[in-house]
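Below you'll find the structure, written out as structure tokens, and then a few comments.
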Amino acid sequence: MRFDRNTVALAGACLASLLFGLEISSVPVILPKLESVLAADFRDLQWIMNAYTIACTTVLMATGTLADRFGRKRVMVITTIAFGAASLLCGLAPSAPLLIVARFLQGLAGGAMFTCSVAVLSHQFQDGGERGKAFVAWSVVSGIGLGFGPAIGGLIVAFSSWQWVFLIHVPLAILALVFIGAGVTESRDRNAQKLDRAGILTLSLAVFGFSYLITQGADLGSGARIGVTIAAALSFIAFLVAEKISPYPMFDFSVFRIRQFSGAIMGGIGMNFSYWPFIIYLPIYFSGVLGYDSTTTGLLLLVYTLPLMLMSSTAEGLRARYQARIAIPLGLLTLGIGFIAMRIGSGLEGANWLTMLPGTLIAGIGIGLTNSPTTNTTTGSVSPDRAGMASGIDISARLITLAINIAVLGLLLTLGIASYLRNAFGAAFDANELRALAEKIATGNLDGLTQYAPRLATLDPSGTIVHDALVNGFGWVMLYSGIGVLVLAAISFIIFGAKAVAPQAASGHSSAQTASEACP
């Protein structure tokens, strides 16, 4: 590929997608650090991650329309500036609540920037061969952001402070702006559709409501809990109605009648039901249960994420030979087996990184086998003019599932810890005290617990019970993730059906097809 204006534009788009991925996978490594320096409780840590993913979901479907109407380059420049500014706010945040707000703003900008990078490349590279090469490079760089994020986050914390996990994006965003300004050609679609404001608003409220209910429900009174449940449910129903009557719906539910599409969507849901939300909590296991520092934790997480990039060619080979109806359920099956292996390894006497290694490696292989076939099938199973919409549904399904399951895994972790403590301590703590103690333990920071709960000095002087309770909580999480994704593998296989279906346009590297390839 010649070093010309298109190459410079490609560099800007790749850098933007790298920033987007890093903010998903590098932050989990610093969560134990944030718990101590920002006095963040377990729910704060969940929202530090969830605010980003929920915000991404909010803007995902809208950005393409805005870019088409007002100019793809212009919107990408604005969103990249906003991402850099939000990253600065994250790095300067003095408290957990302010960091959560900054993360939401960063998610809004990041999701829009990511979507714009796809739209820009799609227009910038008109030749089919050049476009294919451009999107291969874009996918590899996006994969690096997701795959190496944990190690990068661990190294930053080891040699600097947690703030630089966010602040590093400021100069990188400026560099991306230089490339975008120099290389990207302005373009717009004068026939762009109107924005589906009702759909965006109702879906965002539904996702936020259900996430809030799962995360904060225990602290709400029964009336408030019922109210939030009803509001979230009504928002989702309103979303379905809005999409039914809107002349420009962001979700065309008729595509779910296509077996290839619906079966593949189960792959996207399965990955974000288990693998990606668990990356938020795996650093807590490595640091809180096994006692490893941030650098070691980041390197161990690399085993979990690296196969995502290494297995892509193998996954496409399986899809080409056996079709998606075999490749995607097989990938989910492998992912489920990985979580079951992690559950076994974490429960062994003297568990360490070696006992966890087989499970994390198998799970990583599973995600690598599932990701690319899922993306190619969702877009390849519909006509080319609907590929953008199909990709949007795919990415939205992934991010919505991710946001909900970050909250669900956190709830299961605290319930597993509380259950173990209840059996060990009996009536020594009342229900509210037990729940608060379980949430404190769930952060993984077990030092100073006797100051938080002085009775532990006599009930558990060695800290063995507390440690075992945390192990038990993670056992619940791994079992839920493993069984859940195995069930989704079976559902995907059933939806695909036994009859072989020739893939449609599966080999075409459209912008929409590639958009979700590196997306969690």
**Fill in**
Note on segment 1-54: residues touching a helix residue (DSSP H, G or I) at 6+ places or on another chain (Cβ under 8 Å) and either of a type in the set (D, E, K, R) or outside any helix (DSSP H, G or I) (or both) are MET1, ARG5, GLU23, SER26, LYS33, GLU35, LEU38, ALA39, ALA40, ASP41, ARG43, ASP44
**Item:** The one condition in (1) of a type in the set (Val, Ile, Thr); (2) modelled with pLDDT under 90; (3) more than 25 Å from THR53 (Cβ to Cβ) that ILE280 fails to fulfil
**Value:** (3)
**Request:** Check whether at least one residue in segment 61-72 is under 24 Å from ILE279 (Cα atoms) and in contact with a helix residue (DSSP H, G or I) (Cβ under 6 Å, 6 or more places away or on another chain), and report yes or no.
**Result:** no
**Asked** Within segment 213-234, is there a residue that is outside any helix (DSSP H, G or I) and either out of contact with any strand residue (DSSP E or B) (no Cβ under 9 Å at 6 or more places or on another chain) or on the phi < 0 side of the Ramachandran plot (or both)?
**Response** yes
**Complete:** Apart from one, (1) surrounded by fewer than 23 Cβ atoms within 10 Å (Cβ to Cβ); (2) out of contact with any Asp or Glu (no Cβ under 6 Å at 6 or more places or on another chain) all hold for PHE251; the odd one out is (2)
**Request:** Return the residue satisfying two criteria in turn: it lies in segment 473-498 and is under 23 Å from the mean Cα position of the chain (by Cα) and aromatic (Phe, Trp, Tyr), and of such residues it is least open to solvent (accessible area, probe 1.4 Å).
**Result:** PHE474
**Asked** What is the number of the single condition among (1) under 30 Å from ARG43 (Cβ atoms); (2) touching a helix residue (DSSP H, G or I) at 6+ places or on another chain (Cβ under 7 Å) that ILE237 does not meet?
**Response** (2)
**Message:** I'd like to check something: does segment 54-68 contain any residue that is open to solvent by less than 20 Å² (accessible area, probe 1.4 Å) and of a type in the set (D, E, K, R)?
**Reply:** no
**Message:** Out of the helices (runs of 4 or more DSSP H) lying entirely within segment 272-362, which hold 3 or more residues that are touching a residue at least 24 places away in the same chain (Cβ under 8 Å) and of a type in the set (Ser, Thr, Tyr)?
**Reply:** 294-305
**Asked** Say we look at segment 212-230 and pick out the residues that are modelled with pLDDT of 75 or more and either β-branched (Val, Ile, Thr) or crowded, with 16+ Cβ neighbours inside 10 Å (or both); which of these is nearest to LEU413 (Cα to Cα)?
**Response** ILE214
**Message:** I need the full set of residues from segment 100-112 which are in contact with a Leu (Cβ under 7 Å, 6 or more places away or on another chain) and closer than 9 Å to PHE166 by Cβ, in order please.
**Reply:** ALA102
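The values are calculated or read from the model by the stated rules, or taken from the named source; none is laboratory data. Keep in mind that this is a model prediction, so the values were computed, not measured. Here Cβ is always computed from backbone atoms with ideal geometry, including for glycine, and neighbour counts include all displayed protein chains. Note: accessible area is taken over every heavy atom of the protein model, side chains too, but ligands, DNA and RNA are not part of it. Shrake-Rupley method; radii C 1.70, N 1.55, O 1.52, S 1.80 Å.
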